[in-house]
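Notes to accompany the following structure.
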Amino acid sequence: MSVGARCKLPPLLGLSVLLVIGALPACGSSEMAKPQCSMDPDCGPDAACMMGTCLPRGMDRTVACEILPRTDSTSAPTGIASVILGPDPIALVADDRVLIEGTVTGAPDSRVVLSALGPIPGQGDLQFGTELAGSNFQIGLGRSFLSQVATIWLLPSAKAQEHPPATFTAKLDPALNLTFPGTAEMATVRAILHDSLDLPPAPHLARAYVGTQAVSNTATTDDTGLFQLLIAPGAISPDAGGMITVEFTPADSADSGFRFITRSFAVASAAGGSKPRTFRMPAFGTPAPLRFTVVEGANMPNAGAGTGTGTG
């Protein structure tokens, strides 16, 4: 069975090394020069044959490795935090693949994203995703993840935008049973959108964010500018301090109006039965085209280049 492996030195070194595992089959020759070798024994004990060239083995170094099995393998992608390189072939053991089967009671049509801590320091969380089929989902991952505490997000699809994303913290087990929170468990944000003349604008879509992460449903402002957003328990991380922004975009896709994003504010200031908070859009001028010329080298035009703009 074919697998791949990649190994890296600790991040501070900023280097990658090629790890040779076991005896390799004959390497191909180069058309430009006679190959130095065809097999490892041709290179002596301190080097290995790769693509017709003898490369020095990384001796007495510790690296982190990832094993990348084929998609039809019974093994799972595996991270190994510490592998000591030496003169002898190194055996890396891949993690067995296990299937997490979950049920989410009361869930809308959603995508499931499971986030778990990876075994390699500095790598960050690993994410596994799948679509919810009815109320069920299946995710394959390595056996070593079992019993680890993971975060599971349910991200409603485009046809279920009246529901907010929901997050769960669960100890991973082959069978997971989750319940989508009811409206009574959610925080509500009631607010009003006005234009620069303090009048309700044409209908806009409103959604709450923490950074770039959507944390609420999508609601449409009514003819008074009023809207209400729902935020599921745990959707706002403690690091955010209960602060969100709300993004507004024209509900009519043909409307050339501008996107408006509020300043950060505390959910508690606009939640529950409190008086609806009013957001006022700034005055927008007539859109003016922006013209750019892309050049390269000796100030020569670069045809076919793509450009993009953004705000800080």
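Couple of notes before you dig in:
- Any hit, segment 280-289, residues being at pLDDT 80 or above and surrounded by 10 or more Cβ atoms within 10 Å (Cβ to Cβ): yes
- The test for being at pLDDT below 95, out of contact with any Leu (no Cβ under 6 Å at 6 or more places or on another chain) and small (Gly, Ala, Ser) holds for Gly134.
- Residue count for segment 71-104, restricted to those that are over 22 Å from the mean Cα position of the chain (by Cα), farther than 22 Å from Phe137 by Cβ and not hydrophobic (A, V, I, L, M, F, W, C): 5
- Residues in segment 231-245 that are in a strand (DSSP E or B) and buried (at least 22 other Cβ atoms within 10 Å of the Cβ): 2 in all.
- One residue alone among Thr309, Thr293 is open to solvent by 70 Å² or more (accessible area, probe 1.4 Å), modelled with pLDDT under 85 and under 30 Å from the mean Cα position of the chain (by Cα), and that residue is Thr309.
- Identity of the residue in segment 96-144, in a strand (DSSP E or B) and of a type in the set (Lys, Arg), that ends up farthest from Asp72 (Cα to Cα): Arg111
- Residues of segment 127-144 satisfying the condition of being free of Cβ contacts under 8 Å to residues at least 40 places away in the same chain, at negative phi and not charged (D, E, K, R): Gln127, Phe128, Gly129, Thr130, Leu132, Ala133, Ser135, Asn136, Phe137, Gln138
- Options Thr130, Thr169, Thr105; residue that is among the β-branched types (Val, Ile, Thr), over 27 Å from Ala268 (Cβ atoms), open to solvent by 70 Å² or more (accessible area, probe 1.4 Å) and out of contact with any Pro (no Cβ under 9 Å at 6 or more places or on another chain): Thr105
- Here Val93 meets the list (1) part of a strand (DSSP E or B); (2) modelled with pLDDT of 90 or more; (3) open to solvent by 90 Å² or more (accessible area, probe 1.4 Å) almost entirely, failing just condition (1).
- Residue in segment 211-230 that is least open to solvent (accessible area, probe 1.4 Å), counting only those that are of a type in the set (A, V, I, L, M, F, W, C) and touching a residue at least 60 places away in the same chain (Cβ under 8 Å): Leu229
- Count of segment 133-166 residues which are among the aliphatic types (A, V, I, L, M) and open to solvent by less than 50 Å² (accessible area, probe 1.4 Å): 8
- Each residue in segment 76-90 was checked for being assigned to a strand (DSSP E or B) and open to solvent by 30 Å² or more (accessible area, probe 1.4 Å), and 4 of them qualify.
- Residue in segment 9-21 that is over 26 Å from the mean Cα position of the chain (by Cα), more than 30 Å from Arg97 (Cβ to Cβ) and modelled with pLDDT under 50 present: no
- Pick from segment 246-257, criterion out of contact with any Pro (no Cβ under 8 Å at 6 or more places or on another chain) and assigned to a loop (DSSP other than H, G, I, E, B), ranking: modelled with the lowest pLDDT: Asp255
- Among residues of segment 56-67 that are surrounded by fewer than 16 Cβ atoms within 10 Å (Cβ to Cβ), those with a beta-carbon under 7 Å from a residue that is small (Gly, Ala, Ser) and at pLDDT below 85 at least six positions away or on a different chain give the pairs Pro56/Ala47; Met59/Gly86.
- Scanning segment 246-257 for residues that are of a type outside the set (D, E, K, R) and within 17 Å of Ala219 (Cα to Cα), we see that the one that is surrounded by the most Cβ atoms within 10 Å (Cβ to Cβ) is Val246.
The values are calculated or read from the model by the stated rules, or taken from the named source; none is laboratory data. On a predicted model such as this, the values are computed, not experimentally measured, just so you know. Neighbour counts are summed over all protein chains in view; Cβ atoms, including those assigned to glycine, are modelled from backbone coordinates with ideal geometry. The protein model used for the area step is the full one, side chains on, heavy atoms only, and it has no ligands, DNA or RNA in it. Shrake-Rupley method; radii C 1.70, N 1.55, O 1.52, S 1.80 Å.
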